[in-house]
Amino acid sequence: MSNPITIDGRFWQANSYLVNHTLIDAGIDPERIIPYKYQIKNIVLTHGHFDHTVHANEIAKLTGAKIYIGEHELPFLTDSSLSLSTHFGSPQIPINAEPLKDGDVIDGFTVFHTPGHTGGSICLFREEDGILIAGDTIFPEGSYGRYDFPTGSISDLRNSVSRMAELPVESLWSGHGEPVEAGAKAHVMLSKRNLI
């Protein structure tokens, strides 16, 4: 098992991660994935905010990959008020995506529905090596995603982070900032404590 390849977000863009044949989140400039374009078969969006989705259509066209998102997050892909695209000076360009449900498995990762930052956020977890790809649900150093955007909820976020804290997490790969490649369980537990 190998760690994800980090394609770090620049300026306001979210990080993207490439693991196996799956690109997680698509806010990065499409030319940055050209070296991997024949590897990518799936694009999984952790949630529908514009900084994570803006280049999904272009990357899908470049790679031929299918786009996936949590089943409760589909409305974000056509609604500027949900995706926050107007905060970035752009209308929401519709994105066609297949829904993922809690418990689905994609490319070796189990999908967890983790509402809180948004109502349909998902995290991806690979049990074999404890990789948690957390989107904007959990961040290093005990931080966590904002819950004051449309469909966000602090009570849902508490429950979601508590659920992730039950997993044997070894490494944490969040939507922004540097990954934690070892000892990440302590970061997740601190996020849980900070939400109480």
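The calculated FRET efficiency for the pair VAL105 and ALA186, based on their C-beta separation and a Förster distance of 25 Å, comes to about 0.40.
Remark: segment 64-70, residue by residue, has Karplus-estimated 3J(HN,Hα) of x, 6, 8, 9, 10, 8, x Hz, where x stands for each Gly or Pro and the curve is 6.51 cos²θ - 1.76 cosθ + 1.60 at θ = phi - 60°.
What number, in percent, do you get for the relative contact order of segment 37-150 if the mean sequence gap of Cα pairs under 8 Å and at least 6 apart is divided by its residue count? Intermediate results must be reported in sequence, preceding the final value.
Values: 204 pairs, mean separation 24.7, N = 114.
Relative contact order comes out at 22 percent.
Entry note, the chain: the mean residue ellipticity at 222 nm calculated from DSSP H runs of n ≥ 4, each adding -39500 (n - 2.57), is -5000 deg cm²/dmol after division by the residues and rounding to the nearest 500.
Per residue, the average separation of C-alpha pairs within less than 8 Å and at least 6 apart gives segment 5-194 a relative contact order of 16 percent. Within the straight-line cut-off of under 13 Å between alpha carbons, the aspartates and glutamates reachable from LYS66 are ASP25, GLU58, GLU98, ASP107, sequence neighbours fewer than 8 places apart in one chain being disregarded. Look at the Cα gyration tensor of segment 131-194: its axes a ≥ b ≥ c give a/c of at least 1.5 with a/b over b/c, and that counts as prolate.
Among beta bridges identified by DSSP and lying wholly in the chain, the antiparallel ones come to about 55 percent.
For GLY135, the residues whose modelled amide H falls within less than 5 Å of its own, excluding neighbours fewer than 5 places apart on the same chain, are GLY175. From least to most packed, judged by other beta carbons within 10 angstrom and beginning with the fewest, HIS187, HIS21 follow the order HIS21, HIS187. Just check the chain against the gyration tensor rule for me: Cα atoms, a ≥ b ≥ c as the square roots of the eigenvalues, rounded for a/c under 1.5, and otherwise prolate or oblate depending on whether a/b exceeds b/c. Verdict is oblate for the chain. The magnitude of the dipole of the chain, with charges of +1 and -1 set on the Cβ of Lys/Arg and Asp/Glu and taken from the Cα centre, is near 60 debye. Annotation: amide H of TYR144 within the under-5 Å range of PHE139, sequence separation 5 or more or interchain, hydrogens built in the peptide plane. In terms of other Cβ atoms within 10 Å, ILE33, ILE7 run from fewest to most in the order ILE7, ILE33. For the chain, the longest piece that avoids every one of the GluC sites (Glu not before Pro) found in DSSP loops with at most 11 other C-beta atoms within 10 Å covers 1-126. Shown here for segment 1-80: chymotrypsin sites (Phe, Trp or Tyr not before Pro) in loop regions (DSSP other than H, G, I, E, B) with at most 11 other Cβ atoms within 10 Å, namely PHE11, TYR38.
When MET164, MET189 are arranged by Cβ crowding within 10 Å, least crowded first, meaning fewest neighbours, the order is MET189, MET164.
Values in this text are rule-based calculations from the coordinates and carry no lab data. What you are looking at is a predicted structure, and each value in this text was computed from that prediction instead of being measured. Glycine gets a Cβ as well: all are built from the backbone with ideal geometry, and neighbour counts include every protein chain shown.
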